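To keep things clear, I will list the structure first and then write my remarks on it.
The values are calculated or read from the model by the stated rules, or taken from the named source; none is laboratory data. Everything numeric in this text was worked out from a predicted model, so none of it was measured. Positions of Cβ are generated from backbone atoms using ideal geometry, with glycine treated the same way; all protein chains shown enter the neighbour counts. These accessible areas exclude ligands, DNA and RNA; they are computed on the full protein's heavy atoms, side chains included. Shrake-Rupley method; radii C 1.70, N 1.55, O 1.52, S 1.80 Å.
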Amino acid sequence: MVSWGVLFYGFAVTAPAITADTGWSDGVVSGAFALGLLIAGFGAPPIARALARHDPRRVLTTGSIVGTIGMLAFAAAPNPTVLYLAWIVIGAAMAATLYEPAMAVLVALDPARRHRTLAVVTVAGGLASTVFAPLAGWLVDTIGWRQALAVLGVTGGMVTAVLHAAVLPSAGAHRTETQVAHVPAPPVDKPLRLMRSAVLFEQAAMIATTAYLISMLVDRGVDLRVASAALGVMGLGKVAGRLLLLGPVGRHSLTALATLCTAMQLAGLALPLGVTGNAVLFPAMFVVGCASGATTVLRPLIVVELVGAAPFAATNARIQRASTVARAAAPLVLGVAATALGWPIAWAGCLAAFAVAGERYIALGRSVRPVDP
């Protein structure tokens, strides 16, 4: 997903340059990002309903245009007030262009082949991350962070608008999907509560560590280009992790795989606290990327396994909304904690969140009763 590469990695790579150039604290900058995530999370249910009622191309293309406007405002922000207003706009765009709306459309259109379909579309997202992380780093070094954000925003908006028009079904084909997407979410039972909790802790930790990986590495003496390359390697690992699910690995228990992935992320992200040499850093980030990429596919598959394909869009949106505050607050908390306590202690808090998510997936595996799609 090009939108994810532009919006998320554009922030992650430029954050150190923004704080150095403007004097705004990590807390101020991360607070804007947190606000965007908050808007995106609460926007998930309305976007799910919009996808059910309207042509999906129109919904997602509108999101691309809004994202471009937000990125240009982000690039031009003269003060924190404008920065926060820009991220309100970007948050609305994220709700309409990131993985959740795309997954809702794809699962509804082809529920029988959801495993392969979700893996393939998120492979594209991993490739976008691999391209945009080093590209953003190069642009920041070459033309400055403001110009870099403007280039990323305009280019990303144009590319995604074209892809939406070329790939998504027409309004006529959308009629079948609409019948599926209108099915409401079922009542929240124990498995869904466990799933919601696992998603909350895992996504909060993943978003915070990814957003601040470069800042943490730079603070520990790693060159910005090397740190950006490490983030790019993580994106490459996401591609590999998603491709693995297309083979024999993907036939194992979904909750067992999700548990393993949280453990891999915990271990891989703990290594840079002690060792930052390239020989350790790049393999560790590749492993983290594999686990994170695989989990992106596993989460919606587990939701379908719990409730079936018909109410997937409504259920997945509800789970995203429930974890919105934690996901939005995580980068802000990490940024403030790093300033007050130092990166080792702040980073350890994120590692603990991965541990809690793993425990929740274990409990979910013990209680799950799959539903026929």
Checked against (1) more than 20 Å from F42 (Cα to Cα); (2) in contact (Cβ under 8 Å) with a residue 24 or more places away in the chain; (3) open to solvent by less than 50 Å² (accessible area, probe 1.4 Å), L72 satisfies every condition except (3)
Within region 228-256, residues being open to solvent by less than 20 Å² (accessible area, probe 1.4 Å) and within 19 Å of the chain's Cα centre (by Cα) number 12
Checked pairs for region 1-20, first farther than 19 Å from V162 by Cβ and among the aliphatic types (A, V, I, L, M), second open to solvent by less than 10 Å² (accessible area, probe 1.4 Å) and modelled with pLDDT under 75, C-beta under 7 Å and 6 or more apart or across chains, list as V13/A133
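Among the residues of region 104-115, is there at least one that is modelled with pLDDT of 70 or more and within 16 Å of T160 (Cβ to Cβ)?
Within region 104-115, the first condition is being modelled with pLDDT of 70 or more, and the residues that meet it are none.
No, because not a single residue in region 104-115 is modelled with pLDDT of 70 or more and within 16 Å of T160 (Cβ to Cβ).
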Expected single match for among the charged types (D, E, K, R), on the phi < 0 side of the Ramachandran plot and at pLDDT 90 or above among R146, R175 is R146
Pairing a residue in region 201-222 that is under 17 Å from G235 (Cα atoms) with any residue that is open to solvent by 10 Å² or more (accessible area, probe 1.4 Å) and among the β-branched types (V, I, T), where Cβ atoms lie under 7 Å and the two sit 6 or more apart in sequence or on different chains, gives L217/T276
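Quick test for you: out of I65, I18, pick the one residue that is out of contact with any Cys (no Cβ under 9 Å at 6 or more places or on another chain), modelled with pLDDT of 80 or more and closer than 22 Å to A227 by Cβ. Let's see the steps before the verdict.
Details: I65 fails: closer than 22 Å to A227 by Cβ.
Of I65, I18, the one residue that is out of contact with any Cys (no Cβ under 9 Å at 6 or more places or on another chain), modelled with pLDDT of 80 or more and closer than 22 Å to A227 by Cβ is I18.
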